[in-house]
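This report concerns only the one structure given below.
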Amino acid sequence: DGSYLECQDMWRVSGVHRDSYIYARNKSHISDFTITTNLDEIYKDAELAYTIEIVDPLPNFKMTAELFDPSGKLVLSDYYPEIKELNTFKNTITDPLKWTAETPNLYTLIFTLKDPQGRPLEIIPQKVGFREVEIKNGQFLVNGKAVLIKGANRHETDPSTGLYLSHERIEQDIMLAKQFNINAIRTCHYPNDEYFYELCNKYGIY
């Protein structure tokens, strides 16, 4: 009975505000993965660990994992001749560039699932930042250094298009935050558009 309703800190607007889509996968495919980057006691070297879940892995299926640094240089290349439904791998990365809000260094980890003949079935890239987040003695630490959080609350809203946000508007929000020395954003009460998190990784936002 209303086109929009004012809430505590945003407008409630009816309608579908993001793209909806369906997509097809091979019967055998990577269904999920988790990546962790644990720094050593002096925050220099890192253990890169990843767990990969695969649906219906057929016999003799293979997988490769390749890590590229921010300049595009190959840092790690792993080959796994036999894979299972659940796979866990660990590697030591010597003195990687660290990720912080001031130095948002991003590596690229690429998983490639291959059939028994070695032909790629799917290729999945993922950005990776090497960082260690801790709370010690009441202080928030990133890579062993105390960080002062200067944050803001953000709703997904546009003065012209309501709750639909273009990629350009999302990037404008991030750039304004960085210009005003904001290093953290609270995403309110719902998951934001995936592109928002990509830009937080790229530009350096907690």
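The values are calculated or read from the model by the stated rules, or taken from the named source; none is laboratory data. Just so it is clear, the model here is predicted, and its values are computed rather than measured. Glycine gets a Cβ as well: all are built from the backbone with ideal geometry, and neighbour counts include every protein chain shown. Side chains are part of the model used for accessible areas, which takes the heavy atoms of the whole protein and leaves out ligands, DNA and RNA. Shrake-Rupley method; radii C 1.70, N 1.55, O 1.52, S 1.80 Å.
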Peptide ranges 46-54, 14-22 listed from the most packed, as the mean C-beta count within 10 angstrom indicates: 46-54, 14-22
Only Lys, Arg (+1) and Asp, Glu (-1) charged, at Cβ; the chain dipole about Cα centre in debye: 260
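Using r as the Cβ-Cβ distance of residue 6 and residue 126, and R0 as 41 Å, what FRET efficiency do you calculate, to the nearest 0.05? If you can, show how the numbers build up before the last one.
On the way: r = 39 Å, r/R0 = 0.96.
E between residue 6 and residue 126, to the nearest 0.05, is 0.55.
Around residue 187, what is the net charge, scoring Lys/Arg as +1 and Asp/Glu as -1 over all other residues with Cβ under 14 Å from its Cβ?
On the way: positive: 154, 186; negative: 9, 156, 173, 193, 194, 198.
That works out to -4.
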Can you give the local net charge around residue 153? Use residues other than it whose beta-carbon is closer than 11 angstrom to its beta-carbon, Lys and Arg +1, Asp and Glu -1. +1
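Need the full-extension length gain, residue 203 to residue 43, defined as separation in residues times 0.36 nm minus the C-alpha distance. One decimal, nm. Let's see the in-between values first.
Numbers: separation 160, 0.36 × 160 = 57.60 nm, distance 2.17 nm.
Gain on stretching residue 203 to residue 43: 55.4 nm.
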Measuring from a point 7 Å past the Cα of residue 179 along Cα-to-C-beta, which residues in region 144-163 have an amide N at less than 16 Å? none
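Taking only protein heavy atoms and a 1.4 Å probe, what accessible area per residue, in Å², does region 1-145 have with all protein chains in place?
Numbers: 9450 Å² over 145 residues.
Using a 1.4 Å probe on heavy atoms only, each residue of region 1-145 averages 65 Å².
Please give the net charge around residue 32, taking every other residue with its beta carbon less than 15 angstrom from that of residue 32, where Lys and Arg add +1 and Asp and Glu add -1.
Numbers: positive: 25, 84; negative: 53, 56, 85, 122.
Local charge sum for residue 32: -2.
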Using the Karplus equation 6.51 cos²θ - 1.76 cosθ + 1.60 (θ = phi - 60°), what ³J(HN,Hα) coupling, rounded to whole Hz, does each residue of region 92-105 give in order, writing x for Gly and Pro? 9, 10, 7, 6, x, 5, 8, 9, 9, 5, 8, 10, x, 6
Taking square-rooted eigenvalues a ≥ b ≥ c of the alpha carbon gyration tensor, is the chain rounded, prolate or oblate, where a/c under 1.5 means rounded and, failing that, a/b exceeding b/c means prolate? oblate
When the charge dipole of the chain is computed with +1 at the Cβ of Lys and Arg and -1 at the Cβ of Asp and Glu, the Cα pointing farthest to the positive end, of 180, 74, 125, is that of 74
On Cα atoms only, tilt of 194-203 relative to the major axis of the chain in degrees: 80
